[in-house]
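Below is one structure, written out as structure tokens; comments come after it.
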């Protein structure tokens, strides 16, 4: 997998446009299964493999309007779509850490956007 971070100007944390050339898997099958059980229903995914394909598509397809990306200092890559609240975290080592819909709870003090920004540090 080849990923290139290109910084761009904004008034928040340093953000990047990511160029990703192919799909990446979860680190282990049990990681995929665990994430599918936790988040798959929010994507209407019927199987773990379908959930993984949706995660790959979200990272490898062209950015939707308003979708943001950032590179963490440790090399992880984060993508967030504020319209759909889809969030994906890819480890610097090349595997998917998580793919989910950010759901804020009434007791949570972070909005979905703030959750994304907190993951860019």
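Derivation of every value follows stated rules applied to the coordinates shown; laboratory data play no part. These figures come from a predicted structure and were not determined experimentally. In this analysis, Cβ positions are derived from the backbone assuming ideal geometry, glycine residues included, and neighbour counts consider all displayed protein chains.
Taking label positions 7 Å along the Cα-Cβ direction at both residue 31 and residue 95, the computed distance is 0.4 nm, reported to one decimal.
Full extension of the segment from residue 105 to residue 53, taken as 0.36 nm per residue of separation minus the current Cα-Cα distance, would add 16.0 nm.
Peptide packing for 62-69, 26-33 was compared via the average number of neighbouring C-beta atoms within 10 Å per residue; ordered from the highest value, the list is 26-33, 62-69. Distance from the Cα centroid of the range 28-53 to that of the range 76-106 is 14 Å (rounded to whole angstrom).
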